[in-house]
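First comes the structure, then the notes that go with it.
The values are calculated or read from the model by the stated rules, or taken from the named source; none is laboratory data. Everything quoted here is computed from the prediction, not taken from an experiment. When we count neighbours, we look across all protein chains shown, and the Cβ atoms used for this are built from the backbone with ideal geometry, even at glycine.
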Amino acid sequence: MPTCTALIVAAGRGSRFGGPLPKQYALLGGRPVLWHSLTALRAAPGIGRMRVVIAAGDERHYQASTQGIDLPPPVVGGASRQLSVLNGLEALAGEPPDFVAIHDAARPFVRPADIAACLDAATAPAIDGAVLGVALADTLKRVEDGNVISGTIPRRQLWRAQTPQIFRFAPLLQAHRAAAPLGAAEATALTDDAAVAERAGLKIVMVAGSGDNLKITTTEDLQRALTMETRTAFGFDVHGFAPGSTVMLGGIALPHVQALSGHSDADVALHALTDAILGTIGAGDIGLHFPPSDPQWRGVSSDRFLRHAVGLLAERGGRIVHLDLTLICEAPRIGPHREAMVDSIARIAGLGRDRVSVKATTTEGLGFTGRREGIAAQAVATVEVPRS
Ligand code: MG
């Protein structure tokens, strides 16, 4: 098995960060950002030794950030990121590993499994390295002359490169040595190690990682990571069948031999989801916001209830992470309508469809749902809200 040493670059001064400490030493959940990054690398299969590159004068911060982690002495970086990496590589060259995984200390959320996938890709035959990244989702605009948009850049084939970036050690060291004498203008364009490797003609592949692997750049990034907490709450609802020919479920009308009875459109799925979301912020239940005794809610479409709950959550600075719904009935069959229901709930709640799950079960003929007297729905909402 090839050896891979992690080289963690913690030499930046972070002029955009604005905190009292460089961002890699700032606290995130009671531990320095650098500590989190090292812990993630240590947990990744295939990563052996680790070495950190720091700025001269940061030794005290480094000691405080690496307590309990067995590391060789740090390497002092250079005048630019590129020269800092070169110093780190030269420090490893005496006992060179087969591969080196270069990682920004300011990316503490990297997943060990993604690091392992990147290493896997880097060690493939005829490949010199691999980079973790995500395909671009935003539209790219070119802006000139003040704020005037002068064009849209096609985003197909465009990715955001993250770290770790993992390379065969010897060719990367050579590439960095070759780039070291470049003038400032050329060197500034080499913003990551892959750019240095590409310049040397090395073959580098992109590995799909996670958007969570964000680089902490501003105190706002850190505040957000620090101050949001995850909450989960449950919702439950039942409506009985009545004469009719459609049931409303998840905001769509399903043809059926009966309808659901209720004060509103009796959409048991949206009611359970609404209660789950209200539960995450302790905002009571659907009956409190939309009393059945109030005639204005008679026959109303239940997407309104769900939107109201999502709005209350947004007012508190929160956002939905995931919605999971289980429908319990013998009929109608949910399977054929599952995808449409996911789309409908995602649209009403303002979410990507990958954040919505719809499941269904029967009760094997037992109980009121088994006797086809009605439909029950259970929902779990997971949200992020500002820490109270
Ligand atoms: Mg209800």
So how many residues does the range 294-306 have that are surrounded by 15 or more Cβ atoms within 10 Å (Cβ to Cβ) and either assigned to a helix (DSSP H, G or I) or aromatic (F, W, Y) (or both)? 5
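Per-residue answers, yes or no, for (1) aliphatic (A, V, I, L, M); (2) outside the structural domain of L172 (by TED's automatic domain parsing); (3) surrounded by fewer than 23 Cβ atoms within 10 Å (Cβ to Cβ):
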residue	(1), (2), (3)
V33	yes, no, no
S37	no, no, no
P45	no, no, yes
A79	yes, no, yes
E95	no, no, yes
Quick count over the range 244-255, residues being without any contact (Cβ under 8 Å) to a residue 60 or more places away in the chain and either farther than 14 Å from P332 by Cβ or away from the ligand (no atom under 13 Å from the Cβ) (or both), is 4
Could you tell me which of the residues I216, I252 is aliphatic (A, V, I, L, M) and outside the structural domain of M341 (by TED's automatic domain parsing)? I216
Does R155 qualify as being part of a loop (DSSP other than H, G, I, E, B), more than 28 Å from P96 (Cβ to Cβ) and either basic (K, R) or in contact with an Asp or Glu (Cβ under 6 Å, 6 or more places away or on another chain) (or both)? yes
Counting only residues that are closer than 20 Å to I277 by Cα and β-branched (V, I, T), how many does the range 355-370 have? 2
Of the conditions (1) at pLDDT below 95; (2) out of contact with any Pro (no Cβ under 6 Å at 6 or more places or on another chain), G317 fails just one. Which one is it? (2)
Going by the conditions given, is L313 surrounded by 19 or more Cβ atoms within 10 Å (Cβ to Cβ), in contact (Cβ under 8 Å) with a residue 12 or more places away in the chain and within 14 Å of the ligand (Cβ to nearest atom)? no
Considering residues of the range 278-313 that are modelled with pLDDT of 95 or more and of a type in the set (K, R) only, the residue nearest to L249 (Cα to Cα): R304
By residue number, the members of the range 157-196 that are surrounded by fewer than 16 Cβ atoms within 10 Å (Cβ to Cβ), free of Cβ contacts under 8 Å to residues at least 40 places away in the same chain and either more than 30 Å from the chain's Cα centre (by Cα) or not assigned by TED's automatic domain parsing to the domain that holds D114 (or both) are Q174, A178, P181, L182, G183, A184, A185, E186
Name the residue that is surrounded by the most Cβ atoms within 10 Å (Cβ to Cβ), counting only residues in the range 266-284 that are of a type outside the set (G, A, S) and more than 10 Å from the ligand (Cβ to nearest atom). L273
Would you pick out the residues in the range 226-243 that are of a type outside the set (F, W, Y), surrounded by fewer than 17 Cβ atoms within 10 Å (Cβ to Cβ) and within 16 Å of the ligand (Cβ to nearest atom)? G240, A242
Which of the following residues is away from the ligand (no atom under 13 Å from the Cβ) and in contact with a Phe, Trp or Tyr (Cβ under 6 Å, 6 or more places away or on another chain): Q296, Q223, Q258? Q258
